[in-house]
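Novice: Take a look at this one; I'll ask things after.
The values are calculated or read from the model by the stated rules, or taken from the named source; none is laboratory data. Keep in mind that what you see is a predicted model, and the values were worked out from it rather than measured. Glycine gets a Cβ as well: all are built from the backbone with ideal geometry, and neighbour counts include every protein chain shown.
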Amino acid sequence: QAKAAGRNNVSFFDPAMEARVSARAELETDLRRALVNKEFELHYQPLASIGGELSGVEALVRWRHPQRGMVSPAEFIPVAEETNMILRLGCWVLIEACGLLARWAGDERTAALDMSVNVSAVQFHRPDFVEQVMAVLKQTGARPDRLRLELTESLLLNDVESAIQKMLRLRELGVRFAVDDFGTGYSSLSYLHRLPLSQLKIDRSFIWDALKEGHGAAIVRMIVGLGKTLGMSILAEGVETPEQLSFVMAEGCHYYQGYLYSKPLPESQLADFLHR
Ligand code: C2E
Ligand code: MG
Ligand code: MG
Ligand code: MG
C-alpha cells in the first residue's frame, strides 16, 4: 500500500510532467500575445487537377514566433481550440483568405481558382457561424462560389441536423464544403450522404500506406468509390512521389495536393507560382 502511494506521489511531482504543464501554459500566453501582435500569416498550398493543372489553393496558417521561429499548426491549433482563441484566429484566417480571393477576381489567370479554408469545430458550431462567413464575404468582396470550407468528420458527427442547416444556408450562396482528412475520424456512413459535401479529401496517411504492403491500396479504392457514389470530387492529400501520383490517378482521384506539386507557399512565392 505504502509503496503504491509512494509511487503515485513520485509521479505527481514528475518533473517531465511539470515541464509539459508549464510548456503548455507558456504556449497559451504566447498565443494570446500572438493574436494581439499579429504574428500569424497564411501560406497557400496549390491544389492540382490529376492532370497537373492548378485548380486552387488551401490556406494554411503559420505562426512566426519571435523566439521559436515557425511553430506548426499541429502544435498550436489544438491549444487555440481548447481556449476558444481559434474563434478570433479562424476569423482572421477567413478574412485574409477571402481578401486574396477577392483580389484574384480581377485577373483572368486567377479568377477561376478556388480557395480552401480550414474550419475548426469550435468555429463551425458557433450559432452565428453562417452570419460570420457571410459578413466576411461581403466585407472582402470575395465570390462565394470560389470559397470551399474544409470540415473534419468528427465535426460533422456532432449535431448533424444543425450542421446540415448551416451548410445548406451557405451552399445557397455558392459556398462549397470538403470533408478533410477523410478516414482518420469517426465517419458515420449513415449520414455522410445527407451532408451537402462537394469534395472528399483522402488523408495523406492512406496515400502513403497505399504503396506499402497490406491493405492500403484497397482502402483508398474503397474511399474513392464511396466518394464518387455520393457525387463528390476526390482529392488525394500528401502526394510526394511520382509513384503515388500514378497510383491515385489510376484509382480515379480527380485532384491532388502535396510536395510533389508544391509545398505551401507564402503569398509572394504563390504569386510567382501563379504567373509563371
Ligand atoms: P490539413 O488541413 O490536412 O492540411 C494539410 C497539411 O499537410 C498541411 O500541414 C500541409 O503543409 C501538409 N502537407 C501537404 N502536402 C504534404 C506532403 O506532400 N507531405 C507532407 N509531409 N505534408 C504535406 P500544416 O500546414 O502543418 O497544417 C496541419 C493542420 O493544421 C492542417 O491539416 C489543418 O488541420 C490545421 N490547420 C492549418 N491551418 C489551419 C487554419 O487556418 N484553421 C484551422 N482550423 N486549422 C488549420
Ligand atoms: Mg485542410
Ligand atoms: Mg487535410
Ligand atoms: Mg491533414
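Novice: Hey, residue 237 hits all of (1) more than 18 Å from the chain's Cα centre (by Cα); (2) surrounded by 14 or more Cβ atoms within 10 Å (Cβ to Cβ) but one; which does it fall short on?
Specialist: Against the list (1) more than 18 Å from the chain's Cα centre (by Cα); (2) surrounded by 14 or more Cβ atoms within 10 Å (Cβ to Cβ), residue 237 comes up short only on (1).
Novice: Which condition does residue 257 not pass, out of (1) surrounded by fewer than 18 Cβ atoms within 10 Å (Cβ to Cβ); (2) of a type outside the set (A, V, I, L, M, F, W, C); (3) at pLDDT 95 or above, if it passes all the others?
Specialist: (1)
Novice: If residue 113 meets every condition in (1) under 17 Å from the mean Cα position of the chain (by Cα); (2) closer than 24 Å to residue 239 by Cβ apart from one, which number is that one?
Specialist: Only one criterion is unmet by residue 113, namely (1).
Novice: Now, a different point. Going through 257, 269, 199, 244 one at a time, which residue ends up being free of Cβ contacts under 8 Å to residues at least 24 places away in the same chain and either within 21 Å of residue 147 (Cα to Cα) or of a type outside the set (Gly, Ala, Ser) (or both)?
Specialist: Values: 257 fails: free of Cβ contacts under 8 Å to residues at least 24 places away in the same chain; 199 fails: free of Cβ contacts under 8 Å to residues at least 24 places away in the same chain; 244 fails: free of Cβ contacts under 8 Å to residues at least 24 places away in the same chain.
On inspection, the qualifying residue turns out to be 269.
Novice: While we're looking at this one, here's another question. Test residue 192 against the criterion of being of a type in the set (A, V, I, L, M, F, W, C), out of contact with any Cys (no Cβ under 7 Å at 6 or more places or on another chain), at pLDDT below 95 and farther than 24 Å from residue 254 by Cα, and give yes or no.
Specialist: Numbers: of a type in the set (A, V, I, L, M, F, W, C): yes; out of contact with any Cys (no Cβ under 7 Å at 6 or more places or on another chain): yes; at pLDDT below 95: yes; farther than 24 Å from residue 254 by Cα: no.
So residue 192 does not fit the description; no.
Novice: Another one. Quick one: in segment 171-224, of everything that is away from ligand 2 (no atom under 16 Å from the Cβ) and among the acidic types (Asp, Glu), which residue is surrounded by the fewest Cβ atoms within 10 Å (Cβ to Cβ)?
Specialist: Looking at residues that are away from ligand 2 (no atom under 16 Å from the Cβ) and among the acidic types (Asp, Glu), I get 213.
Novice: To continue, here is another question. Among the strands (runs of 3 or more DSSP E) lying completely within segment 38-138, list those that include at least 3 residues that are touching a strand residue (DSSP E or B) at 6+ places or on another chain (Cβ under 6 Å) and within 13 Å of ligand 1 (Cβ to nearest atom).
Specialist: Numbers: elements: 40-49, 54-65, 69-71, 114-118.
Where strands (runs of 3 or more DSSP E) fall fully within segment 38-138 and carry at least 3 residues being touching a strand residue (DSSP E or B) at 6+ places or on another chain (Cβ under 6 Å) and within 13 Å of ligand 1 (Cβ to nearest atom), they are 40-49, 54-65, 114-118.
Novice: Now for a separate question. Of all residues being more than 15 Å from ligand 4 (Cβ to nearest atom) and without any contact (Cβ under 8 Å) to a residue 40 or more places away in the chain in segment 106-124, which is surrounded by the most Cβ atoms within 10 Å (Cβ to Cβ)? Just the residue, please. Before the answer, list the steps.
Specialist: At the first step, the residues of segment 106-124 found to be more than 15 Å from ligand 4 (Cβ to nearest atom) are 106-115, 122-124.
From what is left, the residues that are without any contact (Cβ under 8 Å) to a residue 40 or more places away in the chain are 106-108, 111-112, 123.
Working: 106: 8, 107: 11, 108: 8, 111: 12, 112: 12, 123: 24.
Only one residue fits best here, namely 123.
Novice: Turning to a different aspect of this structure: Pick from segment 139-156 the residues that are at pLDDT below 95 and of a type outside the set (S, T, N, Q): which of them is nearest to ligand 1 (Cβ to nearest atom)? Write out each step before concluding.
Specialist: Filtering segment 139-156 for residues at pLDDT below 95 gives 152-156.
Narrowing the set further to residues that are of a type outside the set (S, T, N, Q) leaves 153, 155-156.
On the way: 153: 12, 155: 10, 156: 14 Å.
Filtering first and then ranking leaves 155.
Novice: Something else: Can you find, within segment 147-170, the residue that is nearest to ligand 4 (Cβ to nearest atom) among those that are surrounded by fewer than 16 Cβ atoms within 10 Å (Cβ to Cβ) and within 19 Å of the chain's Cα centre (by Cα)?
Specialist: Looking only at segment 147-170, we keep the residues that are surrounded by fewer than 16 Cβ atoms within 10 Å (Cβ to Cβ), and these are 154, 157-162, 165, 168-169.
Checking which are within 19 Å of the chain's Cα centre (by Cα) leaves us with 154, 157-158.
Working: 154: 13, 157: 17, 158: 19 Å.
Once the filter is applied, the top-ranked residue is 154.
Novice: Name, by its number, the condition in (1) without any contact (Cβ under 8 Å) to a residue 60 or more places away in the chain; (2) within 16 Å of ligand 3 (Cβ to nearest atom) that does not hold for residue 60.
Specialist: So the condition that residue 60 fails would be (1).
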